[in-house]
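Structure, as structure tokens:
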Amino acid sequence: MAAARAERLVVALVRGLHGLRGAVRLEILSDDPDRFRPGSVLHPEGASSPLTIEWAHRDGPGLLVRFAEIPSREAAEQLRDRYLEIDATGESLPEGAWYWHEVEGARVTTTDGRELGTVHEVFRAGENEVFVVRGGKSGEVLIPAVRAVIVEMAPREGRIVVDADALALDEPDEQPRPRGRRSVNAARRGRPLTSAPEPEGGSDAPGS
């Protein structure tokens, strides 16, 4: 019997190179700093080759990392602009928490029965996540993942129910559009999301 394929989560993006001995600068896409301790193993996205962390140091909002398998700047060049994954087989989140890729694709309806579409992507604005919902008659709808808006959160069953009044859907020009939006694709799978973040910030998301 063939071995089961490992579940992978993307936890970082290689933004650049540092020095001559193969160090790289990472953009961190995980809330769990333990993923980057010396001895931890990452993989280039879609590849089985291991990258064993020798050392890691904070570099502003990012991280400088050197891998045992990457001895030089020339060798590190192959990692530039690549996502890095971890083997997450067997990992589980606390009850009431989901990874972003589990939320994407969920069908979104309102408490009064309107179809808003499906979650196309998720991004973070400040301390809260925001769902980008497309495919319904309202066009694109941005839904803050806060208690005041989310009535039912069941993405693994394929559904999310939101409070239409809280979103002011009858007033499209008044719909909030959080600042700081960045396009997020499936590579953001390493970030967890909870069903009940605080309405005024203070995300409840656990470490991933």
Unmet requirement for ARG8, which otherwise passes all of (1) crowded, with 16+ Cβ neighbours inside 10 Å; (2) at pLDDT 85 or above | (2)
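GLU129: of a type outside the set (S, T, N, Q), surrounded by 19 or more Cβ atoms within 10 Å (Cβ to Cβ) and closer than 28 Å to ARG8 by Cβ, yes or no? Spell out how you get there, then give the answer.
Details: of a type outside the set (S, T, N, Q): yes; surrounded by 19 or more Cβ atoms within 10 Å (Cβ to Cβ): yes; closer than 28 Å to ARG8 by Cβ: yes.
For GLU129, the condition - of a type outside the set (S, T, N, Q), surrounded by 19 or more Cβ atoms within 10 Å (Cβ to Cβ) and closer than 28 Å to ARG8 by Cβ - is met.
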Show the residue pairs that are 6+ apart or on different chains and have beta-carbon atoms under 6 Å apart, the first residue being within the range 88-115 and modelled with pLDDT of 85 or more and surrounded by 14 or more Cβ atoms within 10 Å (Cβ to Cβ), the second being of a type in the set (A, V, I, L, M) and not in a strand (DSSP E or B).
-> THR110/ALA164
So, in the range 136-154, of the ones that are in a strand (DSSP E or B) and modelled with pLDDT under 90, which residue ends up surrounded by the most Cβ atoms within 10 Å (Cβ to Cβ)?
-> GLY136
Restricting the range 19-71 to residues that are crowded, with 17+ Cβ neighbours inside 10 Å, in a loop (DSSP other than H, G, I, E, B) and of a type in the set (A, V, I, L, M, F, W, C), the one modelled with the highest pLDDT turns out to be ILE70
Cβ pairs under 8 Å, 6+ apart, first in the range 46-75 and closer than 15 Å to VAL11 by Cβ, second outside any strand (DSSP E or B) and of a type in the set (Val, Ile, Thr) = LEU51/ILE70
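The values are calculated or read from the model by the stated rules, or taken from the named source; none is laboratory data. All values reported here derive from a predicted model rather than from experimental measurement. Note that each Cβ is placed from the backbone with ideal geometry, even for glycine, and that neighbours are counted across all protein chains shown.
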